[in-house]
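A short worksheet on the structure shown next.
The values are calculated or read from the model by the stated rules, or taken from the named source; none is laboratory data. Since the structure is predicted, the reported quantities are computational estimates derived from the model, not experimental observations. Note that each Cβ is placed from the backbone with ideal geometry, even for glycine, and that neighbours are counted across all protein chains shown.
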């Protein structure tokens, strides 16, 4: 075989691999189904609703009366320094609103400083069954005793007992008195500390109270029980 007739043997090549072979397609989850996005939308909606509620609530406030100090039954509610106005959300007519306080309004029960003025606690006149009497009591008052509290009046034996004074021990003079004013503590003529206290006395006990005031024995107020 001549050189021209020699067969040319070419090297064998592997089949060309296609680089663009089809790849499995992954499923794409819808953005709207993402729990993080859903939670964010819920928070935004809640914030908008809360802001709208706050604006509406602020617009619904009303001015009502509030006690600036403690008040006893029968005290004048129109006096200076007794009431002030605050913005509140009473929701009902249970409290007296600005401009609705009667001209001759008086307290019908004990009221505390900071308390909204209830409509049910306002009257137009003082009870005819109570009389105001000023007492000078010895030994002071318990620390938690104040305006509106119920107390009992006791009389102590006179320092020097005479034949005309048969009282040798403390006696109850009157019960269920209501403290309306507590004054300053001073010193009596005999050097004893006294406190001036105004109390509301039931009409049928005024005579006994005044008799004790004019006596020689010291007077003491003891916290009582309003329900007894």
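If I go through the stretch 70-90 residue by residue, how many of them are in a loop (DSSP other than H, G, I, E, B) and touching a strand residue (DSSP E or B) at 6+ places or on another chain (Cβ under 9 Å)?
Selection size over the stretch 70-90: 10.
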* Structure fact -> The residue that is surrounded by the fewest Cβ atoms within 10 Å (Cβ to Cβ), considering only those in the stretch 183-212 that are part of a strand (DSSP E or B) and modelled with pLDDT of 85 or more, is 196
